[in-house]
Amino acid sequence: MSESVLSAYSAGVAEVADLLTYSAADLAKVPAAGGWSAGQVLAHLADAEISIALRIRMMFTTADYKFLSWDEDAFADLNPGRNPTASVGALTSLRRANIDLLAGLPPEMLDRTGFRQDGEPITVIDYLQRMNGHTTDHIQQALTALTN
């Protein structure tokens, strides 16, 4: 399982970067029904990767690490016009650094456990699998924003 999760985590970089094939104007367009533009989705994914990087490192080094929560809408509102290329660059750099870290660890480290905000325990590998789904869901959200 861990190989497929890590492979999908790595592949997510290219899937996110594919959104940069759209014009800056298209990426900035807010959907008629409301919600985030594709550019805001990219900024959110970059912010999420910062959180992933911290959380996995804390899970590796801190017993019973409890995830800190963050308000994704408040982060998005800080600067709704963030540069999509910079967002993808941040995600790419952080994810590659995370992959490099993971590749150098013994496999049993992926079973280290932290605790989500709701108290649910989660292993590193299960967290990464969940974040793979998070990335996929937000790519779909961005594609929907681009077509509405």
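Readers should treat all values here as calculations from the given coordinates under stated rules, not as data from a laboratory. Worth saying up front: this structure is predicted, and the values here are computed from it rather than measured. Backbone-built Cβ (ideal geometry, glycine too); neighbour counts: all protein chains shown.
Considering only the other residues whose Cβ falls under 12 Å of the Cβ of residue 71, what net charge follows from Lys and Arg at +1 and Asp and Glu at -1?
Value of the local net charge: -4.
Work out the P(r) tail for region 1-92: percent of alpha carbon pairs separated by more than 18 Å, whole number.
For region 1-92, the fraction of Cα-Cα distances above 18 Å is 53 percent.
Given the DSSP H assignment, sum -39500 (n - 2.57) over each helix run of at least 4 residues in the chain and divide by its residue total; what's the result at 222 nm in deg cm²/dmol, nearest 500?
Rounded to the nearest 500, it is -21500 deg cm²/dmol.
So how far apart, in nm, are the two label points at residue 93 and residue 25 if each is 7 Å from Cα heading toward Cβ?
3.0 nm
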